[in-house]
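Colleague: I have a structure here, written as structure tokens, and I will follow up with some questions on it.
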Amino acid sequence: MNMDKIVVVGGKDLVLGFQLVGVQENYEITPEEADAQLNQLFDRADVGIIILEDAYFEGLALKTKRRLELISKPVVVQVSATGEAAKENIQALIKRAIGVSLEK
């Protein structure tokens, strides 16, 4: 049985954080590249979850945003990559995903 992949799309800090907890497929890109990258990932049957930096969402083409609303797989989760809220959000997602808290 093949498991669906978790893929991270965003800037350096977001990608690095998820690499550290074992997410193997990461795309460190600029906001301008997000539209093309997401559309490539939408067409892959092996991708189950896309973690997208929330700042990248606003720059997406209307067509991509519509597609995102209509598809059931992959699920796209927007995550903030800046500030204290981002740190808490990422820690909570990691704990939920792997069952371990990374706090000291």
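The values are calculated or read from the model by the stated rules, or taken from the named source; none is laboratory data. Treat the numbers as computed from the prediction; the structure is a model and nothing was measured. Note that we place each Cβ from the backbone using ideal geometry, even for glycine, and neighbour counts take in every protein chain shown.
Colleague: Pairs only if they're at least six apart or on different chains, beta carbon under 6 angstrom, first in segment 65-78 and free of Cβ contacts under 8 Å to residues at least 40 places away in the same chain and surrounded by 11 or more Cβ atoms within 10 Å (Cβ to Cβ), second assigned to a helix (DSSP H, G or I) and of a type in the set (A, V, I, L, M); list them, first residue then second.
Modeller: V76/L68
Colleague: Taking segment 49-72 only, how many residues are over 14 Å from G11 (Cα atoms), among the hydroxyl-bearing types (S, T, Y) and modelled with pLDDT of 90 or more?
Modeller: Qualifying residue count, segment 49-72: 1.
Colleague: What single numbered condition from (1) out of contact with any helix residue (DSSP H, G or I) (no Cβ under 6 Å at 6 or more places or on another chain); (2) in contact (Cβ under 8 Å) with a residue 24 or more places away in the chain; (3) under 15 Å from G10 (Cβ atoms) fails to hold for G22?
Modeller: The failed condition is (3).
Colleague: Given the conditions (1) within 22 Å of K65 (Cβ to Cβ); (2) out of contact with any Pro (no Cβ under 8 Å at 6 or more places or on another chain), and given that L41 satisfies all but one, which numbered condition is not satisfied?
Modeller: Unmet for L41, out of (1) within 22 Å of K65 (Cβ to Cβ); (2) out of contact with any Pro (no Cβ under 8 Å at 6 or more places or on another chain): (2).
Colleague: In contact (Cβ under 8 Å) with a residue 60 or more places away in the chain, in contact with a helix residue (DSSP H, G or I) (Cβ under 6 Å, 6 or more places away or on another chain), small (G, A, S) and surrounded by 14 or more Cβ atoms within 10 Å (Cβ to Cβ) - does that describe any residue in segment 28-36? First the steps, then the outcome.
Modeller: Quick first cut of segment 28-36, residues in contact (Cβ under 8 Å) with a residue 60 or more places away in the chain only: none.
Looking for residues that are in contact (Cβ under 8 Å) with a residue 60 or more places away in the chain, in contact with a helix residue (DSSP H, G or I) (Cβ under 6 Å, 6 or more places away or on another chain), small (G, A, S) and surrounded by 14 or more Cβ atoms within 10 Å (Cβ to Cβ), one finds none in segment 28-36, hence no.
Colleague: If you don't mind, there's one more thing I want to ask. What are the residues in segment 35-70 that are touching an Asp or Glu at 6+ places or on another chain (Cβ under 8 Å) and farther than 18 Å from K5 by Cβ, if any?
Modeller: Initially, segment 35-70 is screened for residues touching an Asp or Glu at 6+ places or on another chain (Cβ under 8 Å), giving 46-49, 59-61, 64.
Answer for segment 35-70, where residues must be touching an Asp or Glu at 6+ places or on another chain (Cβ under 8 Å) and farther than 18 Å from K5 by Cβ: G59, L60, A61, T64.
Colleague: Can you give me the number of residues within segment 35-75 that are among the β-branched types (V, I, T) and under 17 Å from Q24 (Cα atoms)?
Modeller: Taking segment 35-75 and keeping what is among the β-branched types (V, I, T), we get 47, 49-51, 64, 71, 75.
If we keep only those that are under 17 Å from Q24 (Cα atoms) as well, we get 47, 49-51.
Count: 4.
Colleague: Return the total of residues in segment 1-33 being of a type in the set (A, V, I, L, M, F, W, C) and under 11 Å from the mean Cα position of the chain (by Cα).
Modeller: Selection size over segment 1-33: 8.
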